[in-house]
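Below you'll find the structure, written out as structure tokens, and then a few comments.
The values are calculated or read from the model by the stated rules, or taken from the named source; none is laboratory data. Just so we're clear, the structure is a prediction, and the values are computed from it rather than from any experiment. Heads up, the Cβs are rebuilt from the backbone with ideal geometry, glycines too, and the neighbour counts pull from every protein chain shown. Please note that ligands, DNA and RNA were not included when accessible areas were found on the heavy atoms of the full protein model with its side chains. Shrake-Rupley method; radii C 1.70, N 1.55, O 1.52, S 1.80 Å.
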Amino acid sequence: MYTISDKARLLDRRVIMMSCTIFLTHFLFFATALGQGFLRADGQRIVNGKGDNVLLRGIGLGGWMLQEGYMLKINKEGQQYKIRERIEELIGKRQTDEFYESWLTNHTTKADVDSMKAWGFNSIRLPMHYNLYTLPVDKEPVAGKNTWLDKGFAMTDSLLSWCKANQMYLILDLHAAPGGQGNDLNISDRDPSKPSLWENEANQQKTVALWRKLAERYVNELWIGAYDIINEPNWGFTDPEKDKNGTGESSNGPLRKLMMDITKAIREADKNHLIIIEGNGWGNNYRGVLPPWDSNMALSYHKYWNFNDLESIKGFLEAREKYNIPIWLGETGENSNVWFTDAIRLLETNNIGWSWWPLKKVGINNPLEVKSNPNYDRVVKYWNGVGKKPGESDAYSGLMELVSALKIRNNVVHRDVIDAMIRQPFSTETKPFKKHLTGSGTVVQAVDYDLGRNGYAYFDRDTANYRVSGQDGRGNRGGVYRNDGVDIRRDSSGYEKYYVSDIEDGEWLQYTIDVKKAGLYPITLNIAAPSNVGRVSVFLNGTKIINAVPLSATGGFHVWKPQELKNIRLIRGTNKIRIYSDKGGWNLKDIRLAVH
């Protein structure tokens, strides 16, 4: 029997043990951070404080501090200030302010960062809008002075704390510079009626001052990975009429000078952090920009809609070798899973770290999808010129519901996208997309085919968009549910119902089925076809068991009828069933397996 003093001593011991555990946890965390040290350039590599090669695998938080119209399904005038004006026209200033405050609160939270870490990412690129950190030059109370705003710094501090807790690097990226850094207006929220970054000395001085302020604030932060000082400059300095985006610019003198001025200001406060530079022409034109002017610098480029071969990155590999400088793919994405897997395999084989774009938007080709709603859809149709102006109440409801949908707990998690980025680049293994277990009347949705690469989990002929390389392609023509090459469309018969469409010759889908009891199972395909041209074969665990069975016409591409093939013998345990289209021209909704 314990006395009161015995219990007190036991309690004291527990408190001491808990305190020691907490101290040890914090000590190990900070010891790890100190051991890692700052990221830095070491010849052609990015390394940590121990000299270990660091391959950055990251995502950019596009749409948080800076909205772009396409992420919200807006087709024209996609600058954030224009979007804000149109929202205010619908619901008034007070409710617009409420919308934007909620947007900044909900878009990115600790739960997002925790999830990115759990998925396998080790870094985050923060696209910053300068107007969250300082006033525009034409709004400064005293010309030439800088008013500093708490909002942007507080948001950055919070994000950094979440990154530190997950031991992830945070890369600061000035995405919208004062005045705007290019003629692609949306990406920098530029107002073309005002002087750009390149046309106004005050804008340039404010940009330099902002980077000095950031460097002073984060000089000792080990989990700040780098400073990405100007995102995607795109400006024709020599011939702005013919080359407004600077893709053909040969000198790039003003860009080099400004980046050197920014570097000088950063180094006056911070000699620790890696500085990342971007060329003209959306980050890729380095003519006249190089050689580098700092010993701790990396070269960034951006890659979209081109082939994933050595030729597509040859120029940057040559620059890395010539100038003995690391390269980093600072932005890429907006394509299919096939393109993602191929790109990452190309990059990592050549020791190039990467940051995808973006984490979330209203759309499927990113890890997280923000779901729209009927009232917001009406707002967008009005803005896009194909619908009537919604009433204030409906517009407010739709916009605030969209804000709520920003929270990660309300996002659609696209596991196929994450799998394509993290696992598939160096694995041909297939995995079930959903668990399919046989029973009485098993129905497998056609869109729930296995996770894996094209040619292993499925095969589709049109898998990605390569328009920059001169080859058109679309991947998923329906643009819903999954982001592989397989064409998926929404089924009007019910909420969140989908089917595989536009099935062509030679295309196929694989499904992993767990069978509780071996035996004969009749297999039925629920198809839609306007004619009798379709033919289908079935493979079981790699062996063809049904050969080129003709499919009967159903009366149209949206008229569904089940077509029984024949009994197949399934073994107890895992079975891989492949539905192969010998002749296309049909759609598939589901596959049905019943106990014989």
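Numbers for the structure displayed
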item: Selection status of Asp243, in a loop (DSSP other than H, G, I, E, B), closer than 19 Å to Ile187 by Cβ, without any contact (Cβ under 8 Å) to a residue 24 or more places away in the chain and not small (Gly, Ala, Ser); result: yes
item: Condition broken by Lys360, with the remaining ones in (1) more than 30 Å from Leu406 (Cβ to Cβ); (2) touching a His at 6+ places or on another chain (Cβ under 9 Å); (3) open to solvent by less than 10 Å² (accessible area, probe 1.4 Å) satisfied; result: (1)
item: Test: Tyr396 is in contact with a helix residue (DSSP H, G or I) (Cβ under 6 Å, 6 or more places away or on another chain), open to solvent by 20 Å² or more (accessible area, probe 1.4 Å), farther than 21 Å from Thr512 by Cα and part of a helix (DSSP H, G or I); result: yes
item: Cβ pairs under 7 Å, 6+ apart, first in the range 40-52 and outside any loop (DSSP other than H, G, I, E, B), second polar (S, T, N, Q) and open to solvent by 60 Å² or more (accessible area, probe 1.4 Å); result: Arg45/Asn53; Val47/Asn53
item: The range 471-518 - residue that is among the hydroxyl-bearing types (Ser, Thr, Tyr) and touching a Pro at 6+ places or on another chain (Cβ under 9 Å) and, of those, surrounded by the fewest Cβ atoms within 10 Å (Cβ to Cβ); result: Thr512
item: Cross-chain or 6+ apart pairs with Cβ under 8 Å, the range 405-426 first and at positive phi, then surrounded by fewer than 21 Cβ atoms within 10 Å (Cβ to Cβ) and assigned to a loop (DSSP other than H, G, I, E, B); result: none
item: Of all residues in the range 523-558 being open to solvent by 60 Å² or more (accessible area, probe 1.4 Å) and of a type in the set (A, V, I, L, M, F, W, C), the one that is farthest from Ile579 (Cα to Cα); result: Phe557
item: Tabulated pairs, the range 351-365, first more than 17 Å from Lys303 (Cα to Cα), second among the hydroxyl-bearing types (Ser, Thr, Tyr) and open to solvent by 10 Å² or more (accessible area, probe 1.4 Å), C-beta under 6 angstrom, 6+ apart or interchain; result: Val362/Ser372
item: Members of the range 68-90 that are in contact with a helix residue (DSSP H, G or I) (Cβ under 9 Å, 6 or more places away or on another chain), crowded, with 17+ Cβ neighbours inside 10 Å and not basic (Lys, Arg); result: Glu68, Gly69, Leu72, Ile74, Gly78, Gln79, Gln80, Ile83, Ile87, Leu90
item: Answer from Ser251, Ser300, Ser295 - the residue that is open to solvent by 30 Å² or more (accessible area, probe 1.4 Å), modelled with pLDDT of 95 or more and hydroxyl-bearing (Ser, Thr, Tyr); result: Ser295
item: Subset tally (residues that are buried (at least 21 other Cβ atoms within 10 Å of the Cβ), touching a residue at least 40 places away in the same chain (Cβ under 8 Å) and over 22 Å from Ile59 (Cα atoms)) for the range 138-180; result: 2
